[in-house]
Structures are given as C-alpha cells and as structure tokens.
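The values are calculated or read from the model by the stated rules, or taken from the named source; none is laboratory data. Keep in mind that what you see is a predicted model, and the values were worked out from it rather than measured. Note that each Cβ is placed from the backbone with ideal geometry, even for glycine, and that neighbours are counted across all protein chains shown.
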C-alpha cells in the first residue's frame, strides 16, 4: 500500500495545524489521560491540576491509514514536520481553536502546554505511563466547558486528540519546485492540500457548472492520455480532475479559469484532437467552462462585461 509523507509549506498561510479536535478514535491511536481532582475520572496521580486533558497531538513516523474513494494509503509526518507543526500552531495563535469529532466547534478549551518529547526517561508524559516515541508533539488542554467535560470526557466518549490542518505531500512539493510560474505553484499547492484534508477551506465555493463542463474535462483527460500526458501544466491537469469529479471551486479559481479560457480560446481547434491547445482548453472545461465561469463571475459582481 502506498505511503505518503505530508509536509508543511510555511509560505502558505493555510498550511499547518488549524485546530485540535477531541475524538472517539484518534488516528494516531494514542489516548489522552484526564487530569482532575475528581476520583471517578482520575486516570493518573496528579497534583492540583483540574479538568485538563493530556495526550499526543502528532506522533512522528507513524503510518496513519487513509481512504480516498477506492484508493487506500498511509500518511506520515517526519520529526521535523511534527516540530514545525507544533511551532506554527502557537505562532499563529490557534491554541483556543478546538472541535468535537472534526465537526462541532467547541468553546472553553485551550491548549495550556505544548512540548516535544526529547527524553526517554524524564519527559513529563512518562510520569503518566504514556510510552510515546521521541519527537512526539504533546499537548495539555484545559477544559473550561462543563458540558464537554461531563458529557464527553467523564463518559469516555472521547479518547484522544486529532489534528485539523492543511498539508501537501512530498511528491507534490517536488513538482511545485519545478514550476517556474509562482502563481501556478501556489494554485496547485492549495488544490492538493484541499483534496487531502477533505475540502475544509472556509470560503465560498461553487459547483453548479453543468455536465458540459465535466464532460469537456473528462474528454481532455482522455485525449491527454492518448498523447502520453504531454499537454498542459500541472495546474491544468489538477483542474481537469477537479472539474471531472464535479468538485467545488473557489472564487479565485473561477477567476483563473475564466482568465485562462478567455485567452486560450484562440488555440482551440475542434478538428485537431491531438493539439495541445485543444487538449489544454478542454482540461479547463472548454467553451462550456468559459460560459459558466463568465456567468458566475457576473453573478458575483466580479466582472461587468
């Protein structure tokens, strides 16, 4: 099964850990312990700490199972990426951002401690019999929310932490470094990150383009395969897959789509199915894509023509 290393690009504002979720089945398979004066939920001998969850946010070099449609694979984070993620999380002021099962936004939960395990014997986690590897990102979270504590922590409905964030993979990053157009590099990074993290971007998106756009993209993909995928940039190929699947597009992507199709229409020759100009145009949705993107941008007040 394929194993993919995930990375963070600090130049991208959306890249990194956005929030920490408390979940029933943490992907890293490491439960947290609840620290409290109340005996019935006390899982370890502690001092005067109250209503604090301690656990692993990220474990380095641990394969995490993922399934995207029919494709199954594993992802993992290196020690360097784990440390980078822990630092960016605090630098960007995300310590008060938390969710329940990656869905409901929670209030009253704050990360009050964050550290990387660097000692096999003397690390604080060892005091609570948490046998985690060197390089693990540990957090302690204060729970100033009685409903969360009583209904989810005390009942055992949540058992660990799970991160929420945006990443790219190592192969994609190497491809980005080969692209000379800076805008294209940013575009493909955002598309890949959005795909990996299940479309979690919090801005307006649209997918009301018709079957004509999707069919053009599918035809472009097929035609490109017939010429050994020699046509189009990496961004164009990503866009075609996105359109063929009927995925949602951000306003910035729709603008790029309209801009490209308006300029490239002159290179489209319906009678020449092997021409890169024809194939690239279809990958971006063809004439149907041009009409839809123009209409959508007019509807949103982005163009006045």
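Here the range 231-247 is the region considered, the condition is being in a loop (DSSP other than H, G, I, E, B) and over 14 Å from residue 207 (Cβ atoms), and the residue that is modelled with the lowest pLDDT is 233. Considering the range 246-269, and only residues there that are in contact (Cβ under 8 Å) with a residue 24 or more places away in the chain and within 14 Å of residue 216 (Cβ to Cβ), the residue that is surrounded by the most Cβ atoms within 10 Å (Cβ to Cβ) turns out to be 257. Taken over the range 104-119, the residue count meeting the criterion of being on the phi < 0 side of the Ramachandran plot, assigned to a loop (DSSP other than H, G, I, E, B) and surrounded by 14 or more Cβ atoms within 10 Å (Cβ to Cβ) is 1.
Residue pairs whose Cβ atoms lie under 8 Å apart, separated by 6 or more positions or on different chains, with the first residue in the range 153-164 and over 17 Å from residue 57 (Cβ atoms) and the second surrounded by fewer than 16 Cβ atoms within 10 Å (Cβ to Cβ) and at pLDDT 85 or above, are 157/151. Please go through the range 74-103 and give me each residue that is surrounded by fewer than 16 Cβ atoms within 10 Å (Cβ to Cβ) and either at pLDDT below 80 or in contact with a helix residue (DSSP H, G or I) (Cβ under 8 Å, 6 or more places away or on another chain) (or both), ordered by number. Across the range 74-103, the qualifying residues are 102, 103.
A quick yes/no check of all residues on (1) modelled with pLDDT of 80 or more; (2) within 23 Å of residue 129 (Cα to Cα); (3) surrounded by fewer than 17 Cβ atoms within 10 Å (Cβ to Cβ); (4) not assigned by TED's automatic domain parsing to the domain that holds residue 125:
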residue: 19; (1), (2), (3), (4): yes, no, no, no
residue: 38; (1), (2), (3), (4): no, yes, yes, no
residue: 45; (1), (2), (3), (4): no, yes, yes, no
residue: 49; (1), (2), (3), (4): no, yes, yes, no
residue: 54; (1), (2), (3), (4): yes, yes, no, no
residue: 58; (1), (2), (3), (4): yes, yes, no, no
residue: 62; (1), (2), (3), (4): yes, yes, no, no
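Could you list, in sequence order, all residues of the range 64-83 that are closer than 17 Å to residue 132 by Cβ and assigned to a loop (DSSP other than H, G, I, E, B)? Answer for the range 64-83, where residues must be closer than 17 Å to residue 132 by Cβ and assigned to a loop (DSSP other than H, G, I, E, B): 77, 78.
Can you say whether residue 134 is at pLDDT 55 or above and assigned to a strand (DSSP E or B), as far as the supplied structure shows? Spelling it out, it is not the case that residue 134 is at pLDDT 55 or above and assigned to a strand (DSSP E or B). Checking every residue in the range 165-176 against the condition of being surrounded by fewer than 17 Cβ atoms within 10 Å (Cβ to Cβ), on the phi > 0 side of the Ramachandran plot and at pLDDT below 85 gives zero matches.
Checked against (1) touching a residue at least 12 places away in the same chain (Cβ under 8 Å); (2) surrounded by 13 or more Cβ atoms within 10 Å (Cβ to Cβ); (3) within 16 Å of residue 56 (Cβ to Cβ), residue 127 passes all but a single condition, namely (2).
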